[in-house]
Amino acid sequence: MRSTFDVRPAPSALPTPEASRATPSPRFETVGLAPEFVPYERGLALQQAAADRLAGDADGGTVLFLEHEPVYTAGRRAETHEYPDDGTPVVPVNRGGKVTWHGPGQLVAYPIVRLADGLGGVNLVHALEEALIATIGDLGVVGYRIAGRTGVWTDPPAGSAPGTPEAKLAQIGIHVSRRIVTHGISLNCNNALTPFTRFVPCGITDAGVTTLSERAGRTITPADAAPALRERLAPVLERLSA
């Protein structure tokens, strides 16, 4: 059932303006967009390097934008029966969530930031959903949350058969250790959807998966979506990071 609850984090959970910017704001770095695709192992190494810099107070954090080479990954709650049914290897990682796919046509953002005192992973997930919903709206598609399900969803296209379920547009899976965040979000732009038919996406069997291009009726690439996502993410991360 579609949920229409407020997408804003509770004001009382956010840092006050007077407490902001003890350190520089996170910087945005585009690592590789089509035709350059980033191997997943390199993405992990870049995240670790960014986390090490942040832990050492060398900077105020880094937000990595990229497209990955095709890969399946499994979060901490993944179960083996949810893995690809064709035996494709799956990379286990320490993020939350279950099995997902990354690949060309999907915009991935890794916000390597330090959460402000009093904030945790739930605050960040809700804020990331907020930024994604706004980004998707900027690109002409209506997105929303579904209570109890992480990520951003959209309605079936007009004229769909009765009972057609909502479809997922964006995935979120993070890891927080000593207030430093790794992993992040992925936004389906113009990627193939066939890989999602080979496993149980995010452990959910009663919903679909779609792309911005499919819902907007025009091609929207990660390069097209990146400026909008950056604009929406920047104030959210400024608000939540220390």
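A few points about this structure:
- Just one of the numbered conditions (1) surrounded by 13 or more Cβ atoms within 10 Å (Cβ to Cβ); (2) assigned to a loop (DSSP other than H, G, I, E, B); (3) polar (S, T, N, Q) is not true of Ser160: (1).
- Pro227 vs. criteria at pLDDT 95 or above and closer than 23 Å to Arg95 by Cα: no
- Ala147 fulfils the conditions (1) crowded, with 19+ Cβ neighbours inside 10 Å; (2) under 27 Å from Asn94 (Cα atoms) except for a single criterion, (1).
- Residue in the stretch 74-94 that is surrounded by fewer than 19 Cβ atoms within 10 Å (Cβ to Cβ), more than 16 Å from the chain's Cα centre (by Cα), in a helix (DSSP H, G or I) and modelled with pLDDT under 90 present: yes
- Pairs meeting the criteria (first residue in the stretch 90-101 and within 17 Å of Thr182 (Cβ to Cβ), second residue among the aromatic types (Phe, Trp, Tyr) and surrounded by 17 or more Cβ atoms within 10 Å (Cβ to Cβ), beta carbons under 9 Å, at least 6 apart or on different chains) are Val91/Tyr40; Val91/Tyr72; Val93/Tyr40; Thr100/Tyr72; Thr100/Phe196; Thr100/Phe199.
- Taking the listed residues Leu119, Leu44, Leu124, the one that is outside any loop (DSSP other than H, G, I, E, B), surrounded by 20 or more Cβ atoms within 10 Å (Cβ to Cβ) and either of a type in the set (A, V, I, L, M, F, W, C) or without any contact (Cβ under 8 Å) to a residue 24 or more places away in the chain (or both) is Leu124, with no other qualifying.
- The numbered conditions (1) at pLDDT 95 or above; (2) within 18 Å of Gly173 (Cα to Cα); (3) outside any helix (DSSP H, G or I) are all true for Pro104 except (2).
- Note on the stretch 165-188: residues that are without any contact (Cβ under 8 Å) to a residue 60 or more places away in the chain and part of a loop (DSSP other than H, G, I, E, B) total 1.
- Selected residue (criterion: modelled with the lowest pLDDT) from residues of the stretch 140-157 that are in a loop (DSSP other than H, G, I, E, B) and out of contact with any helix residue (DSSP H, G or I) (no Cβ under 6 Å at 6 or more places or on another chain): Pro157
- Single condition Asn191 does not satisfy, out of (1) in a loop (DSSP other than H, G, I, E, B); (2) in contact with a helix residue (DSSP H, G or I) (Cβ under 8 Å, 6 or more places away or on another chain): (2)
The values are calculated or read from the model by the stated rules, or taken from the named source; none is laboratory data. Not measured: the values here are computed from a predicted model. Every residue, glycine as well, gets a Cβ built from its backbone with ideal geometry; the counts of neighbours run over all protein chains shown.
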